[in-house]
Amino acid sequence: MEKLTIGIVGFGVIGQRWTACFAHAGHAVHVFDPTERREAAFSEALPALMADLDALKGPSSAPGAIRLFPTLAETLEDVDFVQENGPEDLPLKRRLLAEIEGHVGDEVVIASSSSALLVSDMQGECRRPGRIVLGHPFNPAHLMPLVEIVGGKATDPQAIARARAIYEAIGKKPVTLNREVTGHIALRLMGAMWREAIALVRDGVASVEDVDRAFMYGPGAKWTLQGSFISNSLNADGIGDFLRKYGPTYQAIWDTLLDAKLDDETIRAITASTDAAVDGRSQDELKAAREAGLVGILKTVAERGAL
């Protein structure tokens, strides 16, 4: 694997996890964050993140060195790729990407971790907007393989290909969008399912616990291994046969899907039912259980997954 020097701009939760991913894969990582706690965050966060990656992938044979720098210019000197992780603030993002450009070579691709902003809007002040792409990870970003990639109106397709190759080389599972849409792919899929889940709880059809159980112990496990299309195709003689057989059932469901508005009454109902499902467990306890469980699930998906 080609050994690169990766520039990480922004060392919050996402930046820390990107740093761990690239270093565990053997790349040198240069980090910049303007906050005063960057050194403390570095020492507090990285050991546990690297341990998670060791558990998932096995110990790194030659982890890359991670260095913190006091200025953006020093951080980005001679880097091969930049992963930007600034706040979801469009004017700030536009200024930051333009500033990053001033410290890297013309061939360096700059990827933003933005979850909601459009690349076409972010690249507006850049001198070379063709090298700006979205590289959106999925939380927890050091463990989850998904990275969503999309360019803006001015993005060069070669920049998208370069970003995808770099992500694949560190073990990620990138997907490329052919055009920009709000929320990209995964959040839109989650949003569609979650709208119905919230409405089912709001209308008293079922509790949060039972709605979540229905997904976890129903389609969730199968879709994790094979995705929705392949998984459903196995319930008939291929996907065409499935759609012909079960299309009317799904159409009847789609015709009666519920709508959800996050008004105060709905928020109160969801909060009460979720608190009951949590049953006193702390956020830290639930996160630790999630991370530990994901390692086993993702190992199985890597061995048995269809895509």
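The values are calculated or read from the model by the stated rules, or taken from the named source; none is laboratory data. Worth saying up front: this structure is predicted, and the values here are computed from it rather than measured. All Cβ positions, even for glycine, are placed from backbone atoms using ideal geometry, and neighbour counts span all protein chains on display. In case anyone asks, the SASA skips ligands and DNA or RNA and just uses the protein heavy atoms, side chains included. Shrake-Rupley method; radii C 1.70, N 1.55, O 1.52, S 1.80 Å.
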Inset, instruction - Run the accessible area of the stretch 1-141 with a 1.4 Å probe and give the carbon-and-sulfur part as a rounded percent. - result: 53
Inset, instruction - For Lys172, list the aspartates and glutamates whose Cα falls under 14 Å from its own Cα; do not include residues on the same chain fewer than 8 positions away. - result: Glu148
Inset, instruction - Would you work out if the chain is rounded, prolate or oblate? Take a ≥ b ≥ c from the square roots of the eigenvalues of the alpha-carbon gyration tensor; rounded if a/c is under 1.5, else prolate when a/b is larger than b/c, oblate otherwise. - result: prolate
Inset, instruction - Sum -39500 (n - 2.57) across every DSSP H segment of at least 4 residues in the chain, then divide by the residue count to get the 222 nm mean residue ellipticity, nearest 500. - result: -16500 deg cm²/dmol
Legend entry - Residues with amide H under 5 Å from that of Lys173, placed H, sequence gap 5 or more: Leu146, Val147
Inset, instruction - Kindly flag which residue pairs out of Lys173/Lys299; Lys153/Lys173; Lys93/Lys173; Lys173/Lys287; Lys3/Lys299; Lys93/Lys153 have an alpha-carbon separation exceeding 19 Å in this structure. - result: Lys153/Lys173; Lys93/Lys173; Lys173/Lys287; Lys3/Lys299
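Using the Cα gyration tensor of the stretch 5-45, with a ≥ b ≥ c the square roots of its eigenvalues, what is the shape: rounded (a/c below 1.5), prolate (a/b larger than b/c) or oblate (neither)?
It comes out prolate by the Cα gyration axes.
Share of antiparallel DSSP beta bridges in the chain, in percent to the nearest 5?
20
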Inset, instruction - Go through the stretch 150-155 residue by residue and turn each phi into a ³J(HN,Hα) via Karplus (6.51, -1.76, 1.60, θ = phi - 60°); whole Hz please, and just put x for glycine and proline. - result: 7, x, x, 4, 9, 6
Legend entry - Sites Tyr246 and Ala302, calculated FRET efficiency, Cβ-Cβ separation with R0 35 Å, nearest 0.05: 0.70
Legend entry - Stretchable slack from Asp89 to Glu36, in nm (0.36 nm times residue separation minus alpha-carbon distance): 17.0 nm
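Considering only protein heavy atoms, what per residue accessible area in square angstrom results for the chain with a 1.4 angstrom probe?
54
Which shape class, rounded, prolate or oblate, goes with the stretch 236-307 when its Cα gyration tensor gives a ≥ b ≥ c as root eigenvalues, a/c under 1.5 marks rounded, and past that a/b bigger than b/c marks prolate?
oblate
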Inset, instruction - Could you sort 234-241, 14-21 so that the peptide with the highest average Cβ count within 10 Å comes first and the rest follow in order? - result: 14-21, 234-241
